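Here the structure is laid out as structure tokens; the discussion comes afterwards.
The values are calculated or read from the model by the stated rules, or taken from the named source; none is laboratory data. The shown structure was predicted, so the numbers you read here are calculated from the model rather than taken from an experiment. Cβ: placed from backbone, ideal geometry, glycine included. Neighbour counts: every protein chain shown.
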Amino acid sequence: MTGFATMTDPAAAYVLRHGDDNLVLAQRLSEWVSLGPELEEDIALANVALDHLGVATHLLGHASQLVGGGTTDDDLAFQRTEREFTNVVLVEQPNGDFAHTMARQLFMDAYQRLLWEALAVSEDAILAGIAAKAHKESLYHFRHTSGWVVRLGDGTDESHTRMQAAVDNLWRYTGELFEMDDLDRQMVESGVGVDLGALSGPWLHAIAAVAADAMIALPDEVTQRGGGRRGFHTEHLGHLLSEMQWMQRTYPGLEW
Amino acid sequence: MTVATNDQVRLLLDEVVDPEIPVLTIADLGVLRDVAVSEGSVLVTITPTYSGCPAMDLIRSEIASTLEANGFSDYSIETVFSPAWTTDWMTEEAKVKLRDYGIAGPAPVEPVVSGIGYQVSAAVCPLCRSDETRMVSEFGSTACKALMVCSSCGEPFDLFKAL
Ligand SMILES: [Zn+2]
């Protein structure tokens, strides 16, 4: 398998980065299966993970078509190295306690609600179709997650402390969601992509509304950590990939 | 080569049911979007209910085996995402079949206050037909269903979520 780091098709790279966000988030959420705080929530997390996995499958499938040369969605999921993944670092952060998982999910749900709505009118008709579908699902996700954030934040002293700590710890990874690089600008120009900067205002507005209900204080300006879009990840992604990819790495092309 | 019309192929595909809700055909559900026969070759277009619907692979292979069993060798099955699937495409007949199978809906799910708790408009218990029902979880046994409980008869039941 040749490296994908040389992937030069901008349209494919653009679709892939959003696919990677969903793939990595799906893998993280799946770690909760059988460990959820209650049965209904266990099932809910599995459902949400499945939605993200579905979106990832469609986006990686679309990216592999754009790459051409017989590349498949499985190649992109299982044969790329850590440096070739272009997800934002927020999604690779460990589940932590349930409050951390909910904070990470709240930030992503609020972001994806806006992202998918904007991408639903992309000039790339396939991307637009996938986004329109994902948008409907992100509304469910946001409702579910914000309910938990309020329940925990406005709950007991213990749950409040944990929810506040989760928001404080993960806030530093949210800036990357709205960073625009050359590829983003190129895609906006061609009508395929989204002006991410324009999403940050509405995102903050949505987060602030949930935080107010949840008695959670949003952090002041903190130094933001990004780099994921360029393949510079936190230490956590390598561990996640080694678990996700080991079967295909050990037996390449294995099917059952 | 089998010569057939679009409608004849549609009729054949009524054998293909949702593996998770086997009382509904893919046409009932609105998953089957189009059938086009042209010069002996068949193009079947389907769309997923939810992005991660795990039944799509099986549905695809059942369409293939139904076509093959009826003598079609020249066919393709395409998945489209646009327009996005909606429960509005479910037929009235499908809703009755669902209820008789023990699944209510589709009904819209709305948060009660700022995301805590949910209320479902017009969710009628498929067992005793009471409308005194409440939601246990917005996420049920499959992606397309929510988990409900009936306050009158006390039985839990699935609700097909409106999307
Ligand atoms: Zn009842």
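For every residue, the table says whether it meets (1) exposed (fewer than 14 other Cβ atoms within 10 Å of the Cβ); (2) modelled with pLDDT under 90; (3) away from the ligand (no atom under 16 Å from the Cβ); (4) more than 14 Å from the chain's Cα centre (by Cα).
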site	(1), (2), (3), (4)
B:T47	no, no, yes, no
B:S51	no, yes, yes, no
B:S76	yes, no, yes, yes
B:G117	yes, yes, yes, yes
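Okay, residues lined up against (1) touching a residue at least 40 places away in the same chain (Cβ under 8 Å); (2) more than 10 Å from chain B (Cβ to nearest Cβ):
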site: A:S34; (1), (2): no, yes
site: A:L50; (1), (2): no, no
site: A:A56; (1), (2): no, no
site: A:D74; (1), (2): yes, yes
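A quick yes/no check of all residues on (1) within 14 Å of chain B (Cβ to nearest Cβ); (2) charged (D, E, K, R); (3) in contact with a Leu (Cβ under 7 Å, 6 or more places away or on another chain):
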position	(1), (2), (3)
A:G96	no, no, no
A:Q105	yes, no, no
A:M108	no, no, yes
A:S146	yes, no, yes
A:T156	no, no, no
A:Q164	no, no, no
A:T174	no, no, yes
A:M180	no, no, yes
A:E189	no, yes, no
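Suppose the filter is part of a loop (DSSP other than H, G, I, E, B) and either of a type in the set (S, T, N, Q) or out of contact with any Gly (no Cβ under 8 Å at 6 or more places or on another chain) (or both); does B:G105 pass it?
For B:G105, the condition - part of a loop (DSSP other than H, G, I, E, B) and either of a type in the set (S, T, N, Q) or out of contact with any Gly (no Cβ under 8 Å at 6 or more places or on another chain) (or both) - is not met.
Matching residues to (1) charged (D, E, K, R); (2) surrounded by fewer than 17 Cβ atoms within 10 Å (Cβ to Cβ):
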residue	(1), (2)
A:I130	no, no
A:A134	no, no
A:S138	no, no
A:D157	yes, yes
A:G175	no, no
A:F178	no, no
A:R185	yes, yes
A:A198	no, yes
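Test of understanding: among B:V17, B:V35, which residue is in contact with a Lys or Arg (Cβ under 6 Å, 6 or more places away or on another chain) and farther than 30 Å from A:L23 by Cβ?
B:V35
Scan segment A:58-72 for residues that are within 14 Å of another protein chain (Cβ to nearest Cβ) and under 22 Å from A:E137 (Cβ atoms) and jot them down.
Listed by number, the residues that qualify are A:H58, A:L59, A:L60, A:G61, A:H62.
Restricting to segment B:29-52, count the residues that are under 29 Å from A:A56 (Cβ atoms) and out of contact with any His (no Cβ under 8 Å at 6 or more places or on another chain).
14
Among the residues of segment B:97-115, is any modelled with pLDDT of 90 or more, within 17 Å of B:L29 (Cα to Cα), away from the ligand (no atom under 16 Å from the Cβ) and under 13 Å from the mean Cα position of the chain (by Cα)?
yes
Could you list, ordered by first residue, the pairs with Cβ atoms under 8 Å in which the first is in segment B:139-151 and facing chain A (nearest Cβ under 10 Å) and within 11 Å of A:A46 (Cβ to Cβ) and the second is in a loop (DSSP other than H, G, I, E, B) and aromatic (F, W, Y), at least 6 apart or interchain?
Close Cβ pairs satisfying both conditions: B:A143/B:Y50.
For B:T142, all conditions in the list (1) part of a loop (DSSP other than H, G, I, E, B); (2) away from the ligand (no atom under 14 Å from the Cβ); (3) modelled with pLDDT of 90 or more hold save one; what is the number of the exception?
With respect to (1) part of a loop (DSSP other than H, G, I, E, B); (2) away from the ligand (no atom under 14 Å from the Cβ); (3) modelled with pLDDT of 90 or more, B:T142 is out only on (3).
Tell me, which residue of segment B:152-163 that is away from the ligand (no atom under 16 Å from the Cβ) and either more than 17 Å from B:D18 (Cβ to Cβ) or assigned to a loop (DSSP other than H, G, I, E, B) (or both) is nearest to the other protein chains (Cβ to nearest Cβ)?
Top of the filtered list is B:L163.
A:E92 versus (1) at the interface with another protein chain (Cβ under 9 Å from one of its Cβ atoms); (2) charged (D, E, K, R); (3) over 17 Å from A:I207 (Cα atoms): which is the lone unmet condition?
So A:E92 meets the others, but not (1).
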